[in-house]
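**Student:** Let me begin by handing over the structure; questions about it come next.
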Amino acid sequence: MAFDIVIRDARKEDNQALIELDRQCVMGGTIQLVFDRSPDFFARSRAYESFRMCVAEQEGTLIGVGGVTVKSLRVGGITHRWAYFYDLRVRPTHRRQGVAGLIANALVDGIRDAGITGAYSLVIEGNVPSESFVEMRGSLPFKQCALALLSGEAGATRLERIPDISDEVASLLEATYRSYHFTPPWDPEMLHGTLDRLTPLGWQGMYGRRAQKGWGLCFGLWDYSSVMQMTFRGRGAEMHTRPFFLYPLGWQDPQWLLDGLRAARAVIANGGTLLLPHVPGDPVSAVIPEDAFRLGMTLYVRRLAPEEAQTDGFVFIDPADL
């Protein structure tokens with residue numbers, strides 16, 4: 001029963017129990033996604049400037065977990081503080097007992113005074129229980145999006161390492177995503193902070209090509225295997241990946257973007273899978289091969305101001321949210 005469940009902040013000594021809990025919680029849908037976060041369950045959350053994780057405990061056993069981070073994001077051209085709720089997991093033997101609601105309430109209470117104007121979450125396509133849960137709590141589908149998986153492919157890279165010239169890179173990122181919803185303010189301070197947290201990326205993992213003025217292309221090749229391993233099950237097959245994200249990614253025009261995608265695949269040609277979050281119809285989706293393996297997702301939002309309740313325009317899908 002819910003009355004004997006304790007909700008508390010997660011502690012570092014919970015690490016192994018959380019890893020075991022996560023292994024029991026396969027992300028179901030039309031495609032199943034299995035995580036292996038050993039040796040550090042909290043590594044994914046450290047990509048954020050700050051975060052809070054709460055666990056549900058019953059008779060000394062962890063039966064659930066959930067996390068939240070707060071970000072400054074631009075939606076409809078207006079920058080607000082947004083909460084992103086993620087990693088909500090409940091042990092299969094304890095579902096339908098109100099555990100998820102207790103965790104979510106604790107997370108909301110913990111950020112109530114943070115000046116939040118909206119909240120969002122990502123749900124894998126076909127994950128009916130999660131869709132029902134977020135809708136029950138007042139969230140609405142905002143945009144259909146997807147994650148494409150591309151293997152490495154030999155070819156010429158035609159890239160150079162980007163030194164620590166944050167102003168030029170930040171300017172390219174800001175120009176790329178100026179009209180997107182859910183994009184952070186790409187200034188040098190934000191860029192430096194992001195790269196410092198994306199261990200082991202940093203500036204040593206930034207690549208690009210110069211244009212006549214500034215950079216025409218930039219991307220960080222973030223080796224996500226330092227955070228977790230991913231296994232995708234679907235289409236009658238099982239796919240183990242060493243995941244890499246292009247993050248941050250900026251480009252001047254579609255040809256620069258296509259060149260960057262080819263170059264990134266060449267860098268990981270000896271082993272790895274490139275994960276590309278995108279919204280159907282956006283520039284990234286236009287350069288993804290037709291036969292690429294895709295995982296659908298829905299971006300849910302709640303507590304939007306009326307002028308922001310729109311679905312037109314592209315959406316920035318933060319790889320750290322995945």
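Only the coordinates and a few stated rules stand behind these numbers; no lab work does. Keep in mind the model is a prediction, meaning the values are calculated, not measured. Here the Cβ is made from the backbone with ideal geometry for all residues, glycine too, and neighbour counts use every protein chain on show.
**Student:** Given the peptides 99-111, 151-163, arrange them by the average over their residues of other C-beta atoms within 10 Å, most packed first.
**Tutor:** The packing order, highest mean first, is 99-111, 151-163.
**Student:** Could I ask something else about it? Using a simple spin-label model with points 7 Å from Cα along the Cα→Cβ vector, what separation in nm is obtained for Glu153 and Val128?
**Tutor:** Spacing of the two 7 Å Cα→Cβ label points: 3.7 nm.
**Student:** Would you give the gap between the C-alpha center of the stretch 85-121 and the C-alpha center of the stretch 1-74, rounded to a whole Å?
**Tutor:** 11 Å
**Student:** Let me ask another. If r is the Cβ-Cβ distance from Ala175 to Thr79 and R0 is 22 Å, what FRET efficiency results, to the nearest 0.05?
**Tutor:** With R0 = 22 Å, the Cβ-Cβ based efficiency is 0.85.
**Student:** A further question follows. Tell me the mean residue ellipticity at 222 nm calculated for the chain from its helices only (DSSP H runs of n ≥ 4, each -39500 (n - 2.57), averaged over every residue, nearest 500).
**Tutor:** -6500 deg cm²/dmol
**Student:** Want the number for Arg262 to Glu13: 0.36 nm per residue separation, take away the alpha-carbon distance, what's left?
**Tutor:** On the way: separation 249, 0.36 × 249 = 89.64 nm, distance 4.23 nm.
That works out to 85.4 nm of additional length.
**Student:** Ratio of the stretch 148-321's C-alpha Rg to 2.2 N^0.38 Å, to two decimals?
**Tutor:** 1.04
**Student:** With an 8 Å Cα cut-off and a minimum separation of 6 or more residues, compute the relative contact order for the chain in percent.
**Tutor:** With pairs under 8 Å counted, the relative contact order is 24 percent.
**Student:** Now for a different question. Tally Lys/Arg at +1 and Asp/Glu at -1 over every other residue whose Cβ is under 11 Å from the Cβ of Glu125; what's the total?
**Tutor:** Local net charge: 0.
**Student:** Given the peptides 187-197, 246-256, 54-64, arrange them by the average over their residues of other C-beta atoms within 10 Å, most packed first.
**Tutor:** Per-residue mean Cβ counts within 10 Å order the peptides as 246-256, 54-64, 187-197.
**Student:** Mind checking which of Leu107, Pro289, Val227 is farthest towards the positive end of the chain's charge dipole, using Cβ charges of +1 (Lys, Arg) and -1 (Asp, Glu) about the Cα centre?
**Tutor:** Of the listed residues, the answer is Pro289.
**Student:** When you count, for each residue, the other Cβ atoms within 10 Å and take the mean per peptide, how do 272-284, 113-125 rank with the highest first?
**Tutor:** For the peptides 272-284, 113-125, the packing ranking is 272-284, 113-125.
**Student:** Here is a follow-up. Return the percentage of antiparallel bridges among DSSP beta bridges fully within the chain, rounded to the nearest 5 %.
**Tutor:** Roughly 90 percent of the DSSP beta bridges within the chain come out antiparallel.
**Student:** If you take the square roots of the eigenvalues of the alpha-carbon gyration tensor of the stretch 217-258 and sort them as a ≥ b ≥ c, do you get rounded (a/c under 1.5), prolate (a/b over b/c) or oblate?
**Tutor:** In terms of gyration-tensor shape, oblate.
**Student:** Let me ask something else. Rounded, prolate or oblate: which fits the stretch 16-69, taking a ≥ b ≥ c as square roots of the Cα gyration tensor eigenvalues, rounded meaning a/c under 1.5, else prolate when a/b beats b/c?
**Tutor:** Oblate, because a/c is 1.5 or more while a/b does not exceed b/c.
**Student:** Report Rg (one decimal) and Dmax (nearest whole number) for the stretch 36-151, counting Cα atoms only, units Å.
**Tutor:** Computed over the Cα atoms of the stretch 36-151, radius of gyration and Dmax are 15.2, 48 Å.
**Student:** Oh, and also: If you take the Cα Rg of the chain and divide it by 2.2 N^0.38 Å, with N the number of residues, what do you get? Mind showing how you got there, number by number?
**Tutor:** Details: Rg = 19.5 Å, N = 322, 2.2 N^0.38 = 19.7 Å.
Normalised Rg, Cα atoms only: 0.99.
**Student:** Here's a follow-up. Roughly how many debye, to the nearest 20, is the charge dipole of the stretch 143-214 about its Cα centre, given +1 on each Lys and Arg Cβ, -1 on each Asp and Glu Cβ, and no other charges?
**Tutor:** 300 debye
**Student:** Hey, got the dipole for the chain? About the Cα centre, +1 on K and R Cβ, -1 on D and E Cβ, debye to the nearest 20?
**Tutor:** Value, rounded to 20: 280 debye.
**Student:** Only four residue types carry charge here, +1 at the Cβ of Lys and Arg and -1 at the Cβ of Asp and Glu. Report the dipole size of the stretch 1-152 about the Cα centre in Debye, rounded to the nearest 20.
**Tutor:** Using Cβ point charges on Lys, Arg, Asp and Glu, the stretch 1-152 gives about 400 debye.
**Student:** Given an 8 Å cut-off on Cα distances and at least 6 residues of separation, report the relative contact order of the stretch 1-160 as a percent.
**Tutor:** With pairs under 8 Å counted, the relative contact order is 22 percent.
**Student:** Turning to a different aspect of this structure: So what is the relative contact order of the stretch 148-321, in percent, for Cα pairs below 8 Å that sit 6 or more residues apart?
**Tutor:** Numbers: 280 pairs, mean separation 55.5, N = 174.
It rounds to 32 percent for the stretch 148-321.
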